[in-house]
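As structure tokens, the structure follows; a few thoughts come after it.
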């Protein structure tokens, strides 16, 4: 008996999940805007302390990982399984690189005594406390999404090795790709809000 | 979609990132907030249409899905802003 596969249905389901993700991060973006509106000077001062070069580097890494993801799906559709797997590995590698840089960035801040509820941070103005609280929670939630994405992509890689995903059944990889691109879009907004607008 | 298309979309995304980073060093007044967000919106549009294939989807539902969620999000923004603006007699 043939397994029943509903291509449009699974894609639509994935999109519905992505919409809920947009609203989840959207709520945090609204929170950020409101606090920025109330404490413009504090946010201005606090944003200066983030490393713009590291933020830019991470943006470039994530954009490139989206390209390798798109390449992986395109080659899977053509039946070039070896190339598709190589691009998936490249995407996973770039994802880890992003997390590595994020760790360095957070590490430097924590070393300077700036982390949620730290005595050093609590001694500063209310707006700056809010800025760093939002910085840690929003980039943290985003990093968690990257981590989940890496797990999903690793599962996809194993399914490809076993031949469970192939050019006639590529929707799992396509849906993983949709998720990965959405996480990239979230970062595209986080980047200017925290690192560029001062 | 071909590898070439994906590559050019990526190149566009990199150029837009370069633009937004260079603009960040300038004194642009209120444009300092609007411009980076416009650029971020453009980048998202590129990713949604090409990498996420919304451009080539045939079904209507995929065409309206993003405008729909943006409309919901806009309502959230307006409701929150009107609440914050009129609290304690308004302006800060």
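For the structure I just gave you, tell me whether residue A:90 is more than 30 Å from residue A:7 (Cα to Cα) and surrounded by fewer than 21 Cβ atoms within 10 Å (Cβ to Cβ). Explain how you work it out, then say what you get.
Details: more than 30 Å from residue A:7 (Cα to Cα): no; surrounded by fewer than 21 Cβ atoms within 10 Å (Cβ to Cβ): yes.
Answer is no for this residue.
Name the one entry in A:144, A:134 that is surrounded by fewer than 20 Cβ atoms within 10 Å (Cβ to Cβ) and in a helix (DSSP H, G or I).
Working: A:134 fails: surrounded by fewer than 20 Cβ atoms within 10 Å (Cβ to Cβ).
On inspection, the qualifying residue turns out to be A:144.
Residues checked against (1) in a helix (DSSP H, G or I); (2) at the interface with another protein chain (Cβ under 10 Å from one of its Cβ atoms); (3) within 30 Å of residue B:33 (Cβ to Cβ); (4) at pLDDT 90 or above:
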{"site": "A:2", "(1), (2), (3), (4)": "no, no, no, no"}
{"site": "A:12", "(1), (2), (3), (4)": "yes, yes, no, yes"}
{"site": "A:18", "(1), (2), (3), (4)": "yes, yes, yes, yes"}
{"site": "A:26", "(1), (2), (3), (4)": "yes, yes, yes, yes"}
{"site": "A:32", "(1), (2), (3), (4)": "yes, no, yes, yes"}
{"site": "A:42", "(1), (2), (3), (4)": "yes, no, yes, yes"}
{"site": "A:60", "(1), (2), (3), (4)": "yes, yes, yes, yes"}
{"site": "A:67", "(1), (2), (3), (4)": "yes, yes, yes, yes"}
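Of the residues that sit in the stretch B:52-77 and are in contact (Cβ under 8 Å) with a residue 12 or more places away in the chain and part of a helix (DSSP H, G or I), which one is farthest from the chain's Cα centre (by Cα)?
To start, the set of residues in the stretch B:52-77 that are in contact (Cβ under 8 Å) with a residue 12 or more places away in the chain comprises B:53-54, B:56, B:66.
Next, only the ones that are part of a helix (DSSP H, G or I) stay: B:54, B:56, B:66.
Details: B:54: 15, B:56: 20, B:66: 11 Å.
Taking the candidates together, the pick is B:56.
Output the number of the condition that residue B:39 fails; it satisfies all remaining conditions of (1) within 9 Å of chain A (Cβ to nearest Cβ); (2) free of Cβ contacts under 8 Å to residues at least 12 places away in the same chain; (3) under 14 Å from the mean Cα position of the chain (by Cα).
Answer for residue B:39: the failing condition is (2).
As an exercise: evaluate residue B:49 against (1) surrounded by 14 or more Cβ atoms within 10 Å (Cβ to Cβ); (2) facing another protein chain (nearest Cβ under 9 Å); (3) free of Cβ contacts under 8 Å to residues at least 12 places away in the same chain; (4) closer than 22 Å to residue A:64 by Cβ and give the number of the one condition it does not meet.
Failing condition for residue B:49: (2).
Could you list, in sequence order, all residues of the stretch A:144-198 that are free of Cβ contacts under 8 Å to residues at least 12 places away in the same chain, within 12 Å of another protein chain (Cβ to nearest Cβ) and either over 18 Å from the mean Cα position of the chain (by Cα) or farther than 22 Å from residue A:93 by Cβ (or both)?
A:192
Looking at the stretch B:1-24, which of its residues are more than 9 Å from chain A (Cβ to nearest Cβ) and either more than 20 Å from residue A:62 (Cβ to Cβ) or not in a helix (DSSP H, G or I) (or both)?
Within the stretch B:1-24, B:4 is the sole residue that qualifies.
Being closer than 26 Å to residue B:43 by Cβ, out of contact with any helix residue (DSSP H, G or I) (no Cβ under 6 Å at 6 or more places or on another chain) and more than 10 Å from every other protein chain (Cβ to nearest Cβ) is the requirement here; does residue A:93 meet it?
Working: closer than 26 Å to residue B:43 by Cβ: yes; out of contact with any helix residue (DSSP H, G or I) (no Cβ under 6 Å at 6 or more places or on another chain): yes; more than 10 Å from every other protein chain (Cβ to nearest Cβ): yes.
In short, yes.
So is residue B:69 surrounded by 13 or more Cβ atoms within 10 Å (Cβ to Cβ) and more than 29 Å from residue A:78 (Cβ to Cβ) or not? Please lay out each step first, then the result.
Values: surrounded by 13 or more Cβ atoms within 10 Å (Cβ to Cβ): yes; more than 29 Å from residue A:78 (Cβ to Cβ): yes.
Yes, satisfied.
Table: residues versus (1) out of contact with any helix residue (DSSP H, G or I) (no Cβ under 6 Å at 6 or more places or on another chain); (2) within 23 Å of residue A:47 (Cα to Cα).
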residue	(1), (2)
B:25	yes, yes
B:28	yes, yes
B:36	no, yes
B:45	yes, no
B:55	no, no
B:60	yes, no
B:63	yes, no
B:75	yes, no
B:78	yes, no
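Of all residues in the stretch B:25-34 being more than 7 Å from every other protein chain (Cβ to nearest Cβ) and part of a helix (DSSP H, G or I), which is modelled with the highest pLDDT?
Looking only at the stretch B:25-34, we keep the residues that are more than 7 Å from every other protein chain (Cβ to nearest Cβ), and these are B:25-31, B:34.
Now narrow it down to the ones that are part of a helix (DSSP H, G or I): B:31, B:34.
Numbers: B:31: 85, B:34: 90.
Among residues in the stretch B:25-34 that are more than 7 Å from every other protein chain (Cβ to nearest Cβ) and part of a helix (DSSP H, G or I), the one modelled with the highest pLDDT is B:34.
Free of Cβ contacts under 8 Å to residues at least 24 places away in the same chain and within 24 Å of the chain's Cα centre (by Cα): which single residue out of A:30, A:61, A:88 fits that description?
The conditions single out A:30.
Select from the stretch B:80-92 the residues that are surrounded by 13 or more Cβ atoms within 10 Å (Cβ to Cβ) and touching a helix residue (DSSP H, G or I) at 6+ places or on another chain (Cβ under 7 Å) and write down the one among them that is modelled with the highest pLDDT.
The residue in question is B:80.
The values are calculated or read from the model by the stated rules, or taken from the named source; none is laboratory data. Computed from a prediction, not measured in an experiment: that's the story for all the values here. Cβ coordinates were reconstructed from backbone atoms using ideal geometry, including for glycine residues, and neighbour counts include every protein chain displayed.
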